[in-house]
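A quick write-up on the structure given underneath.
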Amino acid sequence: MTTTDEIKKGLAGVVVDYTAISKVNPDTNSLLYRGYPVQDLAAHKSFEEVALLLWTGELPSEAELTEFTAYERANRALDGRVKAAIDLLPIDCHPMDVGRTAVSVLGANHPLAGDSSAEAELRKAKELFAAFPAVVAYDQRRRRGLDVVEPREDLDYSQNFLWMTFGEDAAPEVVDAFRVSMVLYAEHSFNASTFTARVITSTLSDLHSAVTGAIGALKGPLHGGANEAVMHTFDEIGIDKNESREDAAVRAKAWMEDALAAKKKVMGFGHRVYKNGDSRVPTMKAALDRMIAHYGRAEMLGLYDGLEMAMDEAKGIKPNLDYPAGPTYHLMGFDTEMFTPLFIAARITGWTSHIMEQRASNSLIRPLSAYNGPDQRSF
Ligand code: COA
């Protein structure tokens, strides 16, 4: 008989498999992608280079990067069938539903839909990487009553993403903060959505099905949905552009004290693996600071600091990546509901790398359960 000790609720602490893609080390607060510290990649590499690193295991040569860049730029346009499917969805459905549907439509129409060879999967991963920004950009625009903006091949991934969303060239500082967020969100070992993708792949299902399922897992507020929830917290406290940093901090602190007294879980804080702080937060916070300076919004820093300090004092729980990412996307002009789809755009790299790794060394993922229903009976 199974004992309670043997049951690992939420698979907490269970090591399921090897991965060579990333290493999360909670003791040293570090995160490596294929051996490289994520903060070094965020400081020096484009998101396109990081994508190739995750997929292939190595940073690309100049020739490899040139070839991929050309391929990515040629595959950016919003597929007419995807646009038609999005247009069928209610304008007020959650944008994660739009992202999930778009990936499913792309999978059903892919010329190599039935081919899960390593070559086919790498091609599908690259094409999905290239195609997804247009989905997010179009979805935000249609909700604002605006038309599609065509991609531009003279822009890099981040510049073009912002161009397609807002229809204007973004300032270099904004492009850089966006790139940093993509690099930081790209990969994080066996989190819930990645594990979902691996479970689906383990049945020998296809890459688009695995990514579609992963998007479903990411949608939840205990996972990717937290970046959006952080912004709802800021909104609930109230954002007043004319308020001083100090006053905003006082109000945020009071809000947090009330929330904790009411035993609320505050999104954007805490982590299943990191217990002393999320390794990605300092880099993302620095990007947020640059955005606050760029847009002249000191009150946002007050809200940020107030919440963080009050949580630390009361429970010692540290922010996770979603905490600085949410306000950063807000300042850039993204609607709050689009934050988690931005996470999809980034995490497509990590998910597809794990899908390929799982397939290369597959074993059906099928755990056991302990039955605690009624004993056998007859009716
Ligand atoms: N706000 C308030 N309290 C929190 C908290 C938060 N964000 N995160 C954890 N805690 C508290 C829990 O209430 C619990 O306290 P208790 O022991 O007094 O009951 C304790 O810390 C342990 O939390 P638990 O939820 O059991 O840890 P976990 O490892 O299962 O959870 C998360 C990890 C991420 C699910 C959890 O921290 C959380 O829900 N955070 C908010 C959602 C979020 O930001 N998700 C994005 C993750 S990157």
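Points to keep in mind about this one:
- Selected from Ser189, Ser61, Ser116 as most flexible by GNM, with the chain as the system and alpha-carbon contacts under 10 Å: Ser61
- Taking only protein heavy atoms and a 1.4 Å probe, the accessible area of segment 1-86 is 53% carbon and sulfur.
- Counting Lys and Arg as +1 and Asp and Glu as -1 over every other residue whose Cβ lies under 15 Å from the Cβ of Glu127, the net charge comes to -2.
- Ratio of the Cα radius of gyration of segment 138-192 to 2.2 N^0.38 Å, where N counts its residues: 1.32
- Here the accessible area is traced with a 1.4 Å probe on the protein chains. For segment 170-242, carbon and sulfur cover 57 percent of it.
- Equivalent ellipsoid semi-axes, segment 88-137, via Cα gyration tensor eigenvalues times 5, rooted, Å: 24, 11, 7
- GNM top mover of Pro324, Pro60, Pro151 - the chain, alpha-carbon springs below 10 Å: Pro60
- Under the combined filter of DSSP loop state and at most 14 neighbouring Cβ atoms within 10 Å, segment 257-355 retains these trypsin sites (Lys or Arg not before Pro): Lys263, Lys264, Lys265, Lys275.
- For segment 107-158, the share of accessible area belonging to carbon and sulfur comes to 48 percent (1.4 Å probe, ligands and nucleic acids excluded).
- Cut-off under 5 Å, modelled amide H: who pairs with Phe269 long-range: Asn320
- Max mean-square fluctuation residue, GNM over the chain, Cα-Cα springs under 10 Å, options Ala325, Ala171, Ala186: Ala171
- Counted over all Cα-Cα pairs of segment 1-79, pairs farther apart than 15 Å make up 68 percent.
- Loop-resident chymotrypsin sites (Phe, Trp or Tyr not before Pro) (DSSP state other than H, G, I, E or B) in segment 1-109 with no more than 11 further Cβ atoms inside 10 Å of their Cβ: Tyr18.
- What segment 137-177 shows is 46 Å² of accessible area per residue, with the surface traced by a 1.4 Å probe over protein heavy atoms.
- Accessible surface, segment 216-319, averaged per residue in Å² (probe 1.4 Å): 48
- For the chain: span of alpha carbons on each principal axis (Å, largest first): 62, 57, 46
- Per residue accessible area in Å² of segment 72-121, where ligands, DNA and RNA are left out and the probe is 1.4 Å: 47
- Percent of alpha-carbon pairs separated by more than 23 Å within segment 53-175: 36
- Under 26 Å from the Cα of Lys285 - lysines, other chains or at least 8 residues apart: Lys23, Lys45, Lys219, Lys241, Lys253, Lys264, Lys265, Lys275, Lys315, Lys318
- Cα gyration tensor shape of segment 203-315, rounded if a/c is under 1.5, else prolate or oblate by comparing a/b with b/c: prolate
- Kirkwood hydrodynamic radius computed over segment 258-319 comes to 12.7 Å, based on all pairs of distinct alpha carbons.
- Shape of segment 319-379 from the C-alpha gyration tensor: oblate (a/c of 1.5 or more and a/b not above b/c, with a ≥ b ≥ c the square roots of its eigenvalues).
The values are calculated or read from the model by the stated rules, or taken from the named source; none is laboratory data. If you're wondering where the values come from, they're calculated on a predicted model, not measured in any experiment. Note that we place each Cβ from the backbone using ideal geometry, even for glycine, and neighbour counts take in every protein chain shown. In case anyone asks, the SASA skips ligands and DNA or RNA and just uses the protein heavy atoms, side chains included. Shrake-Rupley method; radii C 1.70, N 1.55, O 1.52, S 1.80 Å.
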